[in-house]
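Coordinate-derived values only; no laboratory data. Fair warning: this is a prediction, and the values are worked out from it, not measured in the lab. With ideal geometry, Cβ positions are generated from the backbone for all residues, glycine too; neighbour counts draw on all protein chains shown.
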Amino acid sequence: MSLLTLDDVHTYYGEAHILQGVSLTVGEREVVTLIGRNGAGKTTTLRSIMGIVRARRGHVRLRGEDITGLGTHEIARRGIAWIPEERRVLPNLTVLENLRLGMLGGPTHRDGTDALEEVFGYFPRLRERIAHRGRFLSGGEQQMLAIARGLVSHPAVMLVDEPTEGLAPLLVQNLTEILSAINKRGTTILLVEQTLEVALALSHRVYVMDQGQIQFEGTPEQLRRDPTIQQRFLEI
Ligand SMILES: Nc1ncnc2c1ncn2[C@@H]1O[C@H](COP(=O)(O)OP(=O)(O)OP(=O)(O)O)[C@@H](O)[C@H]1O
Ligand SMILES: [Mg+2]
């Protein structure tokens, strides 16, 4: 059974019909990437999963259970962590306080020390910055903290929206490796990523989205070998 399923999801902002029948699946332990141009509806898909905007038609299911229409807090409690585009690190809280907040929202209340040790294993830089306030972190460190804060809640699936956006190439490479390591340790990831190379390197499967619809589904290899899809729907 797939872990997360979207079945014919239609989402509106006011009268604007943005998602027009999005169906996709994310299997246990997969990295699945949504890729597509600016405005394609990628973020809206993640927001529809989290119940931040409600799907007006269709269903979102977690382990077969219908979660469409539940509140965002309840969806997080059931095990979906959302790392938004804008990173949303709390500027006046320290790294440690940001991480402690992350532990509150998720499905399990594990031993805090274990969870912290695990994320510091992935992000040694955050351990060095543990007492620094969010606003004094670099862009890359903020992104690491945003991901770490999702991870300490031990989610069943993490939705990560454009984690590499605006980062220097070396950091992009570093973050790609960390996300891959997180997945190999058992976390399922639904990723939104504009950089084709990052998407191809990380994903088990890829969905290409355009104008609120899924236009292609396949393995990274299949997308690599399909210049028509790349030219029609991606900025390359
Ligand atoms: N709050 C909103 N109110 C009205 N329209 C919105 C709102 N948010 C997004 N839209 C519109 O919905 C469409 C899809 O936006 P969305 O943010 O999902 O795209 P995206 O694929 O994530 O793009 P990007 O790559 O730029 O992040 C766009 O046309 C956008 O202008
Ligand atoms: Mg977006």
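Summary of computed values
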read-out: Nearest-ten-degree value, helix 95-105 long axis tilted from longest Cα axis of the chain; value: 50
read-out: In Hz, Karplus ³J(HN,Hα) per residue of segment 55-64 (6.51, -1.76, 1.60; θ = phi - 60°; x = Gly, Pro); value: 5, 7, 9, x, 9, 10, 10, 10, 6, x
read-out: Under the Debye formula (equal points on every Cα, no solvent term), log10 I(q)/I(0) of the chain at q = 0.10, 0.14 Å⁻¹; value: -0.44, -0.88
read-out: Taking Glu117, Glu162, Glu85, Glu193 and counting other C-beta atoms within 10 Å, the order from fewest to most; value: Glu117, Glu85, Glu162, Glu193
read-out: Packing-based exposure ordering (other Cβ within 10 Å, fewest first) of Leu202, Leu170; value: Leu170, Leu202
read-out: Built amide H within the under 5 Å cut-off of Ala55, gap 5+; value: Gly69
read-out: Distant-in-sequence amide H partners of Ile214 (H built 1.01 Å from N, under 5 Å); value: Ser23
read-out: Principal axis dimensions, largest first and in whole angstrom, of segment 152-236 by Cα; value: 39, 28, 23
read-out: Per-residue HN-Hα couplings for segment 213-222 [Karplus 6.51, -1.76, 1.60; θ = phi - 60°; Hz; x = Gly/Pro]; value: 9, 7, 9, 7, 9, x, 7, x, 4, 5
read-out: Relative intensity, log₁₀ I(q)/I(0), of segment 98-166 from a Debye sum that treats every alpha carbon as a point, q = 0.12, 0.20, 0.26 Å⁻¹; value: -0.29, -0.81, -1.27
read-out: In degrees, nearest ten, helix 112-122 long axis to first principal axis of the chain (Cα); value: 70
read-out: Gyration tensor verdict on segment 1-89 (Cα atoms; rounded if a/c is under 1.5, prolate if a/b is larger than b/c, oblate otherwise); value: rounded
read-out: Derived scalar couplings ³J(HN,Hα) [segment 36-42; Karplus, 6.51 cos²θ - 1.76 cosθ + 1.60; whole Hz; x for Gly, Pro]; value: x, 5, 4, x, 5, x, 5
